[in-house]
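Enquirer: Before I ask anything, here is the structure I am working with.
Read the figures in this text as sums done on the coordinates, not as results from a lab. What you are looking at is a predicted structure, and each value in this text was computed from that prediction instead of being measured. Quick reminder, even Gly has a Cβ in these numbers, built from the backbone with ideal geometry, and neighbours come from all protein chains shown.
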Amino acid sequence: MVERETWATRVGFLVAAIGSAVGLGNLWQFPFKTAANGGAAFVVFYLIAVVLIGFPAMLAEFVIGRRTNRNVVDAFDELGGPGWRILGGLALLTGFWVLSYYNVVGGWVMRYVLGSATGAYFGDPGGYFNAIASGPEAIAAQLLFLGISVGIVALGIENGIEKATKVMVPAIVVLMIALAVWAFTLDGAMEGVSYFLSPDIDSLVSNAGAVVPDAVGQAFFTLSLGMGIMITYASYLGEDDNLPLDGGIIVVSNTLIGVLAGLVVFPLLFANNVDPATGGPAALFVAVASAFANLPAGQILGVVFFGVVALAALSSAISLLEVTVSYATDNFDVSRPVLSVSAGVLLFLLGLPSTLDTGDAGGPSVWFGWFDAMAYNLFLPLSALFIVVFVGWLLAREAVSELRTGSESIPSFGPIWLWSLRTVVLVGIVVTLGLGFQSLFLAEDATFFAPF
């Protein structure tokens, strides 16, 4: 078996974990989940979900990974016995499933970088998206994006993922700050800021039942939880790392970049009279592209914006791919490059339905929405639920002991964290899973049956 790698530095781990979290969940979904759920009211619930549910759940994954220094499947085997391997397999499957259609979105982003440079979508942003969202062009773009991800992961932890994310993440932050500063100079920008950051108390109360599940789901998606990523990344850590501190840095950084994304997108939309509630997978591409099409320097700004989104997408894609490659390198005497390419081939095949041509109207395949709904409403919360139960009850004291290692200065934190897993986090995930199950299988327009 190939010798297991580790992070070269603690900063390398933090940047890679932040890069995983700061992906399309922040730059693609967060602004438009906000718009679809009433603006600032959603932001409030999302921030609460991140602190009370996302942060403790992330520490649960850290504990499993560092305790075992194993991949996501073997980690559960070591801690709970062979019967628990199925839980690690579920997390691995969830990440693989998400990445299969995530690559399709990554391909869209790369097409929009090119489309911004040439001004190809300026005349008809909606028509341009429909033309490239499915069919041969979508397949080719998906393959290109996937190939870059495979190449980075094939180079390894230190020489591939760590070096790549050390460039990507700072570039994302610097460019997003620059775009936010520029967006504030646009006429009408402050209306967008108010929509994004000024919650209506009545809206908070009246829409809580509908908004909370989306907010919790978004917290898990943007923090890369339930997919084995944080277990895998933590498995390359040493015992001297302070897990609560590292988790806090990752959560705060991820949240700030999500807010930055909103401070770019909403001022841009309001300044150009574009409806912020434009929904669906086309939202980022059609709505934001429409705004760039109306600006004097739209080509340059479009390249910068979609370039940032491309970097964010890649930083998350390589983390999702690493979960599978980590498992394979721990269990098969095959080189990392060969395993990375093999995983890439399987991902390409699984992602093909999400690129299927939908006919004359074009646009995303109905299968794309199906894959996304299955991940968001079932696989992610189900995987997270089992992980929380495993750590909160089966490991319990062992988990608290592991959390304290490297963070002895805060001895009272461990019991509080364990209590939160068993109560607040558990209830939040169960409610989210129940509502997601209803949406998939029991609602009048049940999502699960849409493609059939």
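Enquirer: Could you state the number of Å between the C-alpha centres of the range 241-268 and the range 152-207?
Expert: Cα centroid of the range 152-207 versus Cα centroid of the range 241-268: 8 Å apart.
Enquirer: Same structure, new question: Between Ile177 and Leu256, what is the label-point separation in nm under the 7 Å Cα-to-beta-carbon projection?
Expert: The answer from the label model is 0.8 nm.
Enquirer: Evaluate the distance, in nm, between pseudo-label points positioned 7 Å from the Cα of Val338 and of Met190 along their respective Cα→Cβ axes.
Expert: Distance between label points: 6.4 nm.
Enquirer: With a 10 Å Cβ neighbour count serving as the proxy for reagent exposure, in which order, fewest first, do Leu426, Leu223, Leu314, Leu245 appear? Can you show the working numbers first?
Expert: Values: Leu426 19, Leu223 28, Leu314 22, Leu245 14.
If I rank by nearby Cβ atoms, fewest first, I get Leu245, Leu426, Leu314, Leu223.
Enquirer: Where in the range 287-327 does the label zone of Thr118 land, with the point 7 angstrom along Cα→C-beta and an amide N cut-off under 16 Å?
Expert: In the range 287-327, the label zone of Thr118 (backbone N under 16 Å from the point 7 Å along Cα→Cβ) covers 299-300, 303.
Enquirer: With a point put 7 Å past each Cα toward its Cβ, work out how far Val11 is from Val427 in nm, to one decimal.
Expert: Output for this residue pair reads 4.2 nm.
Enquirer: Of the listed peptides 431-444, 83-96, 262-275, what is their order by residue-averaged count of other C-beta atoms within 10 Å, with the highest listed first?
Expert: Per-residue mean Cβ counts within 10 Å order the peptides as 262-275, 83-96, 431-444.
Enquirer: Once you wrap a convex hull around the alpha carbon atoms of the range 66-170, what is its projected area averaged over all directions, in nm²?
Expert: Values: hull surface 36.4 nm².
With the hull built on Cα positions only, its mean projection is 9.1 nm².
Enquirer: For a paramagnetic label modelled at 7 Å from the Cα of Val205 toward its Cβ, which residues of the range 25-66 fall within the zone defined by backbone nitrogen distances under 16 Å?
Expert: Within reach of a label on Val205: 41.
Enquirer: Over the alpha-carbon set of the chain, divide Rg by the Kirkwood Rh and report the Rg/Rh ratio to two decimals.
Expert: 0.95
Enquirer: Also: Loop-only chymotrypsin sites (Phe, Trp or Tyr not before Pro) in the range 168-201, please: DSSP not H, G, I, E or B, and at most 15 other Cβ atoms within 10 Å.
Expert: Listed in order of number, the matching sites are Phe184.
Enquirer: When the helix-only estimate is applied to the chain (DSSP H runs of n ≥ 4, each -39,500 (n - 2.57), divided by the residue count), what is the mean residue ellipticity at 222 nm, nearest 500 deg cm²/dmol?
Expert: -21500 deg cm²/dmol
Enquirer: Continuing with this model, one more query. Gap in Å between the Cα centre of the range 97-116 and the Cα centre of the range 29-51?
Expert: The distance from the Cα centre of the range 29-51 to that of the range 97-116 comes to 23 Å.
Enquirer: On a C-alpha basis, how far is the centre of the range 429-452 from the centre of the range 303-375 in Å? Whole number, if you could?
Expert: 24
Enquirer: Another question, if that's okay. Enter the angle in degrees (range 0 to 90, nearest 10) between the Cα long axis of helix 136-154 and the first principal axis of the Cα atoms of the chain, meaning the one along which they spread out most.
Expert: Roughly 30 degrees, rounded to the nearest 10.
Enquirer: Output the relative contact order of the chain, whole-number percent, from Cα pairs under 8 angstrom with separation of 6+ residues.
Expert: Details: 763 pairs, mean separation 151.0, N = 452.
About 33 percent, as a whole number.
Enquirer: Ok, one more. Any idea what log10 I(q)/I(0) is at q = 0.16 Å⁻¹ for the range 1-124, Debye with uniform C-alpha scatterers and no solvent?
Expert: Log10 I(q)/I(0), no solvent term: -1.10.
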